[in-house]
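Input: a single structure, listed below in structure tokens.
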Amino acid sequence: MENLKTPKLENQICFPLYVIAKEITGLYRPFLDELDITYPQYLVMMVLWENDGLTVSHIGDQLFLDSGTLTPLLKRLEAKGFIARKRNKEDERVVEAFLSESGRELQKKACEIPGKILEKIDVEPEDLVQLKENIQKIVSKIKK
């Protein structure tokens, strides 16, 4: 039998990434609760705040979500009055998402969140920029 080495948690890159994602998402929770949205809904709203009127597939591409995951998120955001989904007039198979007035108002409230998160984690902004750039390099290599 080969001399197999059991993987150790402390040697895995996936574990600290999992922990930081879970912990940072948890930091967002109280701020997002005030806005009555979840973290995944917040991600969708950020995409729409940058570019209103995107197709569902484009939103999914940006967030690395399939339509089976994204559609329920969009339905809940629509039920809360933050977005409206409409079929494209030229191609009715294509669904587009648009911000409502409430969705635009939500954007104003959400502008405070990044600063509040920075205060909570007490890390130098340059360190976060470097971390983000390194993670994005890895993501781009994985998605090739």
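Read-outs throughout are calculated quantities, based only on the coordinates presented, and are distinct from any laboratory measurement. Computed from a predicted model, the values in this text were never measured in an experiment. Note that we place each Cβ from the backbone using ideal geometry, even for glycine, and neighbour counts take in every protein chain shown.
Here are a few things to note about the model shown:
- Within segment 12-38, residues that are touching a residue at least 40 places away in the same chain (Cβ under 8 Å) have Cβ atoms under 9 Å from residues that are assigned to a loop (DSSP other than H, G, I, E, B) and loosely packed, with under 13 Cβ neighbours inside 10 Å in these pairs: 31/112, counting only partners at least 6 apart in sequence or on another chain.
- Qualifying residue in segment 7-26 (condition: touching a strand residue (DSSP E or B) at 6+ places or on another chain (Cβ under 7 Å) and either part of a helix (DSSP H, G or I) or of a type in the set (Gly, Ala, Ser) (or both)): no
- Taken as a whole, segment 82-103 holds no residue that is of a type in the set (A, V, I, L, M, F, W, C), part of a helix (DSSP H, G or I) and under 17 Å from the mean Cα position of the chain (by Cα).
- Scope segment 86-118; condition closer than 24 Å to residue 55 by Cβ and of a type in the set (Gly, Ala, Ser); matching residues: 97, 100, 102, 103, 110
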